[in-house]
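As structure tokens, the structure follows; a few thoughts come after it.
The values are calculated or read from the model by the stated rules, or taken from the named source; none is laboratory data. Quick caveat, the model's predicted, so the values are computed rather than measured. Please note: Cβ atoms are built from the backbone with ideal geometry, for glycine as well, and neighbour counts cover all protein chains shown. Protein only, heavy atoms only, side chains kept; ligands, DNA and RNA dropped before computing areas. Shrake-Rupley method; radii C 1.70, N 1.55, O 1.52, S 1.80 Å.
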Amino acid sequence: QVQLVESGGGLVQAGGSLRLSCAASGRTFSRYAMGWFRQAPGKEREFVAAISGIDGSTYYADSVKGRFTISRDNAKNTVYLQMNSLKPEDTAVYYCAANHVVTYISGDYTYWGQGTQVTVSS
């Protein structure tokens, strides 16, 4: 019912910035909570940030708070993740996800994108 496509990943030097985008299909994007998760090789998928569909409240993992910013443009059916002051430990495949309620548990999300690779060199 909902298709998500991430873009904006790439290779960046430590301290640099990237902006990820996630484009969603459908006409009810504003009703969905959106989340960003990441998964590094050999590690489990972890929560990065989320934004609610009710009031736009934002939530962040402690590891990225102050460096990453999640936002959404409901007119464009798009959610963004602005990543600043990137560190090598941020290297991972980043996924966006959609759910009817905001949560930081990956298993709660109904729809997932294909992921986009972010690599931060030291």
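Placing +1 on each Lys and Arg Cβ and -1 on each Asp and Glu Cβ, with no other charges, gives the chain a dipole about its Cα centre of roughly 220 debye. Amide H contacts under 5 Å for residue 3: 25, restricted to partners 5 or more places along the chain or on a different chain, H placed in the peptide plane at 1.01 Å from N. With θ taken as phi - 60° and the Karplus curve 6.51 cos²θ - 1.76 cosθ + 1.60 applied, the whole-hertz 3J(HN,Hα) list for region 106-122 is 4, x, 7, 7, 8, 10, 9, x, 7, x, 9, 7, 10, 10, 10, 8, 8 Hz, x standing for glycine and proline. Quick one: how many Å² of residue 18 are accessible to a 1.4 Å probe, rounded to 10? Only protein atoms counted, so the area is about 30 Å².
Residues of region 73-94 falling in the label zone of residue 28, defined by backbone nitrogen less than 18 Å from a point 7 Å along Cα to beta-carbon, are 74-78. For residue 65, a cut-off of 24 angstrom between C-alpha atoms picks up these lysines, skipping any fewer than 8 places away in its own chain: 43, 87. Among 70, 51, 105, the residue with the largest mean-square fluctuation in a Gaussian network model of the chain, with springs joining Cα atoms closer than 10 Å, is 105.
Taking the Cα atoms of region 1-103, the ratio Rg/Rh between the radius of gyration and the Kirkwood radius comes to 0.95. Close amide H partners of residue 10, meaning residues 5 or more places away or on another chain with modelled amide H under 5 Å apart, are 118, 119. Longest stretch of the chain clear of exposed loop sites (trypsin sites (Lys or Arg not before Pro), DSSP loop, at most 16 other Cβ atoms within 10 Å, sites excluded): 68-122. Choose one answer from 63, 106, 17: the residue with the largest mean-square fluctuation in a GNM of the chain with alpha-carbon springs under 10 Å. With Cα springs under 10 Å in the chain, the top fluctuation among 63, 106, 17 is at 63. Coupling constants for region 32-48 follow from the phi torsions by the Karplus curve (6.51 cos²θ - 1.76 cosθ + 1.60, θ = phi - 60°), and in residue order they are 9, 6, 10, x, 10, 10, 9, 9, 8, x, x, 10, 7, 5, 10, 5, 10 Hz; glycine and proline get x.
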